[in-house]
Amino acid sequence: MVNVIIFGPPGSGKGTQSEKLIEKYNFDHISTGDILRAEIKAETDLGKKASQFINNGELVPDNIIIEMLEKKLNTLNNSKGVIFDGFPRTTDQAAALKEMLKKHNEKIDIMLNLEVENQELIDRLLKRGETSGRSDDNLETIKKRISVYESQTSPVIDFYKNEGCYRGIKGVGSIDDIFSRISEAIDKCQN
Ligand code: B4P
């Protein structure tokens, strides 16, 4: 089993690259952003709580996310591998993930950090906002999300550098070229 984290600032292409990874490797995919958006759409209590944070460009509190993630992880059976997309986003989430995986005798094999400049992130998300209908794809919220990434999420990089499984990936260029870089890194860690 291979456990992969796809990491990066908002708009760096985590969701885009995850789709290609699922197709190529048949891994299970856990996207905390997708789960939260589904909860919001279904108007659940969790969705109602989460939407306030998401609309403001803030992170949903760790306790909510960790419980949600653990539930999802426990539904997986005979997995070939798992892609963690958009999780962990804080060092507390990273520490909780380590403990959860330990219970299943598993660990993170590789953490892929998609590196993209801020202006490119803003351009991509504004473009997505033209059609996505997402409440967080507007300039004010995008700027907030990037600043939250810098203060609360980027320390996760050092967590995985210390774990010895960090890999920086140039996240600009064509989607296929970025995917080749990612696949190469995963294939190396599988062998
Ligand atoms: P997410 O759903 O994780 O989304 P994201 O960071 O906006 O986007 P991603 O990086 O996946 O970008 P994409 O591939 O779509 O999070 C949303 C919110 O949920 C967070 O702000 C937070 O509030 C909450 N949340 C989620 N997880 C949480 C957690 N663990 N803890 C707390 N809160 C959490 O790419 C963006 C755009 O760029 C697309 O339009 C795409 O087509 C385009 N694109 C991709 N690659 C490109 C390329 N190479 N060139 C040009 N354009 C490209």
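The values are calculated or read from the model by the stated rules, or taken from the named source; none is laboratory data. All values derive from a computational prediction rather than experimental measurement. In this analysis, Cβ positions are derived from the backbone assuming ideal geometry, glycine residues included, and neighbour counts consider all displayed protein chains. Note: areas computed on protein heavy atoms with side chains; ligands, DNA, RNA excluded. Shrake-Rupley method; radii C 1.70, N 1.55, O 1.52, S 1.80 Å.
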Quick note, the range 127-180: a/c under 1.5 would make it rounded; otherwise a/b > b/c is prolate and the rest oblate (a ≥ b ≥ c, C-alpha gyration tensor); here it is oblate
So for the range 86-191, what percent of the C-alpha to C-alpha distances run longer than 23 Å?
40
Which one of SER79, ILE178, ILE30 is farthest out on the positive end of the charge dipole of the chain, using unit charges on Cβ (Lys, Arg +1; Asp, Glu -1) and the Cα centre as origin?
SER79
Which ³J(HN,Hα) values, rounded to whole Hz and listed in residue order, are derived for the range 50-61 from phi using the Karplus coefficients 6.51, -1.76 and 1.60 in 6.51 cos²θ - 1.76 cosθ + 1.60 with θ = phi - 60°, glycine and proline given as x?
5, 5, 4, 6, 4, 4, 8, x, 9, 7, 6, x
Give the separation of the Cα centroids, the range 29-69 to the range 116-191, in Å.
19
Report the calculated FRET efficiency for ASP92 and ASP34 (r = Cβ-Cβ distance, R0 = 30 Å), to the nearest 0.05.
0.90
Please turn the phi angles of the range 115-126 into ³J(HN,Hα) values with the Karplus equation 6.51 cos²θ - 1.76 cosθ + 1.60 (θ = phi - 60°), one per residue in order, whole Hz, x for glycine and proline.
9, 9, 5, 4, 4, 5, 4, 4, 4, 5, 6, 5
From the backbone phi of the range 162-170, what are the Karplus-calculated ³J(HN,Hα) couplings (6.51 cos²θ - 1.76 cosθ + 1.60, θ = phi - 60°) in whole Hz, Gly and Pro given as x?
5, 6, x, 10, 7, 9, x, 10, 5
Heavy-atom surface of the chain, accessible at 1.4 Å and reported per residue (Å²):
53
The long-range amide H neighbours of GLY8, using H built 1.01 Å from N in the peptide plane and a cut-off of under 5 Å, are LEU114
Among the listed pairs LYS14/LYS102; LYS24/LYS127; LYS48/LYS107, those beyond 30 Å (Cα-Cα):
LYS48/LYS107
Which percent of the accessible area of the chain is formed by carbon and sulfur heavy atoms (probe 1.4 angstrom)?
45
Of GLN152, PRO10, LEU97, which is farthest towards the positive pole of the range 2-190's charge dipole, taken about the Cα centre with +1 and -1 on the beta-carbons of Lys, Arg and Asp, Glu respectively?
LEU97
Residues whose modelled amide H sits under 5 Å from the amide H of VAL2, counting only those 5 or more places away in sequence or on another chain, are GLY81, VAL82
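Starting from 0.36 nm per residue, how many nanometres of slack lie between LYS127 and HIS104 once their C-alpha separation is accounted for?
Between LYS127 and HIS104, full extension yields 4.2 nm more.
Percentage of Cα-Cα pair distances in the chain greater than 24 Å, rounded to whole percent?
Numbers: 6568 of 18145 pairs.
Tail of the P(r) past 24 Å holds 36 percent of the pairs.
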Expressed in nanometres to one decimal, the distance between label points 7 Å along Cα→Cβ at SER180 and ASN162 is 3.7
Can you compute the charge dipole magnitude of the chain about its Cα centre, using +1 on each Lys and Arg Cβ and -1 on each Asp and Glu Cβ, nothing else charged? Give it in debye, rounded to the nearest 20.
200
How many nm separate the modelled label positions at GLU140 and LYS49, each set 7 Å beyond the Cα in the direction of the Cβ?
2.6
Run the reach check for LYS20 against lysines, Cα to Cα strictly under 17 Å, same-chain hits fewer than 8 apart removed. What comes back?
LYS80, LYS170
